[in-house]
1. Using only alpha carbon pairs under 8 Å that are at least six residues apart, calculate the relative contact order of segment 28-235 and give it in whole percent.
2. What do you reckon, how do ASP139, ASP222 stack up by accessible area (1.4 Å probe), largest on top?
3. Pull up all non-local amide H partners of ALA76: gap of 5 or more, or a different chain, and H-to-H distance under 5 Å with H placed in the peptide plane.
4. Working with all protein chains in place, sort ASP43, ASP142 by solvent-accessible area computed with a 1.4 Å probe, largest first.
5. Considering Cα pairs under 8 angstrom that are at least six residues apart, work out the relative contact order of segment 31-117 and quote it in whole percent.
6. How large is ³J(HN,Hα) for each residue in segment 116-132, as worked out from phi by the Karplus curve 6.51 cos²θ - 1.76 cosθ + 1.60 (θ = phi - 60°), to whole Hz, x for Gly and Pro?
7. So what is the 222 nm mean residue ellipticity for the chain from helices alone, if each DSSP H run of at least 4 adds -39500 (n - 2.57) and you divide by all residues, rounding to the nearest 500 deg cm²/dmol?
8. Using the crude model of +1 on Lys and Arg Cβ and -1 on Asp and Glu Cβ, and no other charge, please compute the dipole size for the chain relative to its Cα centre, in debye to 20.
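The values are calculated or read from the model by the stated rules, or taken from the named source; none is laboratory data. Model, not experiment: these values are computed from the prediction. Note that each Cβ is placed from the backbone with ideal geometry, even for glycine, and that neighbours are counted across all protein chains shown. Ligands, DNA and RNA are excluded from the accessible area calculation, which covers all protein heavy atoms including side chains. Shrake-Rupley method; radii C 1.70, N 1.55, O 1.52, S 1.80 Å.
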Amino acid sequence: MRPLLLTPLLLLAACAPATTSRTPAPAFSAAFAPEGVAWVWVDAGKACVARAPSYRAVCPRLPGAAVGVGWNGGDAWAALPGAGLLVTLDRAARSVPAGRVVALSNTRAYREDGSAVTFAGAPATGVPGAPSAAITGGDGQDYVLLAGALRRVADGAVIETAAGPLLQATPGGARSADVAGVVTPSGTYRLTGGTLQRLDAAGRVLASVPHGPGRVGVVGGDVVTVSPGGAVGIFGVDLTPVRR
């Protein structure tokens, strides 16, 4: 029997290290706060903000492409890694040098090396690598998606080992999911299957209204959605549409 010969390319493939899958960053994301909602189209680098109670969208011209949005100090911020800046989206114009930021929460900006900086430009606790998403949970702590896992930033604890691609805020922290949503004392709100749903603690659907894809969060007493087309929807806790 002739010995099996491997070509150089096959030898290289056999010796190559296995790759680790990573959760891809969403091309469209949003951040919610009592002041309103901000969102960003990552592919286009464009960011907007809509403040309560009018929810009129403001989409400023930015000095670079945006990759993330967050709320801090009553301001809506965008991260511009190409320019190395954090900038406000409305009200008084402010900018903070931050380096190559890849994700924003409502407390800090995370750079591509995992280090972090506050919205005042001060060093902050980071993570061991570039997160694909970040969120400030209902407990005031930051959570990130990192290499497919959900981590709490403060102590590095792994909350979920096989996390979904999206983050949802909960009253006690945050969780990952395959669909956009938010968990509140009034119920869980999620966008799935062409509808906006309200679920109780047992997962039963209490209310449902037609709605396309997007993001959902809470702004004061409103349940607010924003679609990739930039349309903002406003609902009561029972999903009754609110007209402003």
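1. Once normalised by length, the contact order is 12 percent.
2. On the way: ASP139 65, ASP222 20 Å².
Descending accessible area places them as ASP139, ASP222.
3. Answer set, sorted by chain and number: LEU89, ASP90.
4. Ranked from most to least accessible, the order is ASP43, ASP142.
5. On the way: 207 pairs, mean separation 17.4, N = 87.
Reported relative contact order: 20 percent.
6. Couplings: 9, 9, 7, 6, 9, x, 8, x, 9, 4, x, 9, x, x, 7, x, 8 Hz.
7. Details: 1 runs with 8 residues, N = 244.
Calculated at 222 nm, the ellipticity per residue is -1000 deg cm²/dmol.
8. Once rounded to the nearest 20, the dipole reads 380 debye.
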